Amino acid sequence: MKQGQPLSFVNGRIVTPDGVAEDGAVRIVDGRIAAVGTEAAQDGDETIDAKGKLVVPGLVDLGVFAVDKPAFHFGGISRAALMPDQSPPLDFPSRVNYIAKSGKPDFWVHPLAAATRGLEGTELAEVALMREAGARGIATGRRWIADSGVMLRVLRYAAMLDLVVVSHAEDSGLAGDAVATAGEMATRLGLPSAPSEAEALAAARDIALAEMTGARLHLRQVTTAGALELVRAAKARGVSVTSGVTPAHFMLSDLAIGDFRTFGRLSPPLRSEDDRHAVIAAIADGTIDVIASGHDPRGPEDKRLPFSDAEPGMAAAETLLSTTLTLVRDGVIDFPRMCDLLAGAPARLLGVEAGEIREGFEGDIALVDPEKPWVVDRRKMEATADNTPFDGQPMQGRVLGLWKGGVRVD
């Protein structure tokens, strides 16, 4: 898929890292952004009149478990980093290479290489070869690497290769088979639970090892006040650590599992209201760098079970932008910060020239109406499964169009 004639967006609110340019324009030539500014458009261009709507970079979803192109396109996502938890796992170069080519041309998939063979947490995988095959990072998968010696070698290896390590911060010794966070709700429901400190302990260990090695560490989901304080302190010391979260953990608390609804069965589990507010504060002050969907569609065979037996996960690509827009309306963040959380920061971690409306970057553009109302209806979702915890919830903000490399894809 190659762009034909130059494409210009005019009369839009252009969201750049420097702010929002009212009545601005963006010009895309040969798949890349050629100019940004009020006079960017030229005669002979294909012109899109944005009519005052937001013109934002295509979102970069960091850490998804499945590739649902229709769902991603609906949500304004133009590229995603795929977790290695596939069948079979992404622990061989040939598998990584296949995934790296799988979504093109209208969607780019950036594979994250398995840190260990079979994601078993014991023997290092051939990360250097997988990097050559197209891996953009190393990931521990859904599980934490409990062996500190193994994790130390992973981080040293990653530092030599200048690859980010994406870690799942949850101490498996404490978490065990827990499906909820220890507290009043888990006790009332009689659910197996783990203390929130399981996240802080895992984060503390990984941060300490990253500080030793100088590696780039990304804690894929940080959802508790204790772990967020550790990240905040590590950043202040100059440790190369970043953190992410999904909308479920700033929109919902463990109150959402009160009816045993398995669409609220997530990993990490939903936390307390105090932790939810701590996440929002961490987004506001920059402790959290990335908001990702955590897209993990699960069919009825995985979800239509007793809560303790159901698999964790949510289909979230379609609601990623709309849920994050709630933070803008609440005054927690502004539009440039929103785009950095959803696109800019993930792209920088992956080392790709995307995620920002900047000259020379990939021409991945989403046209967004931030006020357009809609209601999440799982029966109408584009994803391969409908396990959303936001079913029936009113939303505000919809993608009106998505362009990949200057070519419309939705």
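Write out, first by first residue and then by second, each pair whose Cβ atoms fall under 6 Å of each other, whose residues are 6+ apart or on separate chains, and whose first residue, in segment 342-360, is in contact (Cβ under 8 Å) with a residue 60 or more places away in the chain and among the charged types (D, E, K, R) while the second is open to solvent by less than 10 Å² (accessible area, probe 1.4 Å) and in a helix (DSSP H, G or I). Short answer, once both residue conditions are applied: 356/344.
The helices (runs of 4 or more DSSP H) found entirely in segment 238-328 that carry 2 or more residues being under 20 Å from residue 175 (Cα atoms) and in contact (Cβ under 8 Å) with a residue 24 or more places away in the chain are 248-251, 273-285.
The set of residues from segment 48-63 being crowded, with 17+ Cβ neighbours inside 10 Å and part of a strand (DSSP E or B) comprises 48, 54, 55, 56, 57, 59, 60, 61, 62, 63.
Right, residue 408: in contact with an Asp or Glu (Cβ under 6 Å, 6 or more places away or on another chain) and of a type in the set (Lys, Arg) or not? No.
The lone criterion from (1) under 17 Å from the mean Cα position of the chain (by Cα); (2) buried (at least 24 other Cβ atoms within 10 Å of the Cβ); (3) part of a loop (DSSP other than H, G, I, E, B) left unmet by residue 66 is number (2).
Can you find even one residue in segment 156-164 that is surrounded by fewer than 20 Cβ atoms within 10 Å (Cβ to Cβ) and at pLDDT below 95? No, segment 156-164 contains no residue that is surrounded by fewer than 20 Cβ atoms within 10 Å (Cβ to Cβ) and at pLDDT below 95. Regarding residue 310, is this residue among the hydrophobic types (A, V, I, L, M, F, W, C), open to solvent by less than 30 Å² (accessible area, probe 1.4 Å) and more than 17 Å from the chain's Cα centre (by Cα)? Taking the combined requirement at face value, the residue satisfies it. Which of the residues spanning segment 87-103 are open to solvent by 50 Å² or more (accessible area, probe 1.4 Å) and more than 16 Å from residue 61 (Cβ to Cβ)? Residues satisfying the conditions are 87, 88, 92, 94, 95, 97, 98, 101. Residue pairs whose Cβ atoms lie under 9 Å apart, sitting 6 or more positions apart in sequence or on different chains, and linking a residue in segment 22-39 that is within 18 Å of residue 105 (Cβ to Cβ) and of a type in the set (Gly, Ala, Ser) to a partner that is open to solvent by less than 90 Å² (accessible area, probe 1.4 Å) and in a loop (DSSP other than H, G, I, E, B), are 31/3; 31/363; 31/405; 31/406. Is at least one residue of segment 362-383 charged (D, E, K, R) and in contact with a Pro (Cβ under 7 Å, 6 or more places away or on another chain)? So far as segment 362-383 goes, yes, one or more of its residues are charged (D, E, K, R) and in contact with a Pro (Cβ under 7 Å, 6 or more places away or on another chain).
The values are calculated or read from the model by the stated rules, or taken from the named source; none is laboratory data. Only a predicted model underlies this, so the values are computations on that prediction, with no experimental measurement involved. Please note: Cβ atoms are built from the backbone with ideal geometry, for glycine as well, and neighbour counts cover all protein chains shown. Protein only, heavy atoms only, side chains kept; ligands, DNA and RNA dropped before computing areas. Shrake-Rupley method; radii C 1.70, N 1.55, O 1.52, S 1.80 Å.
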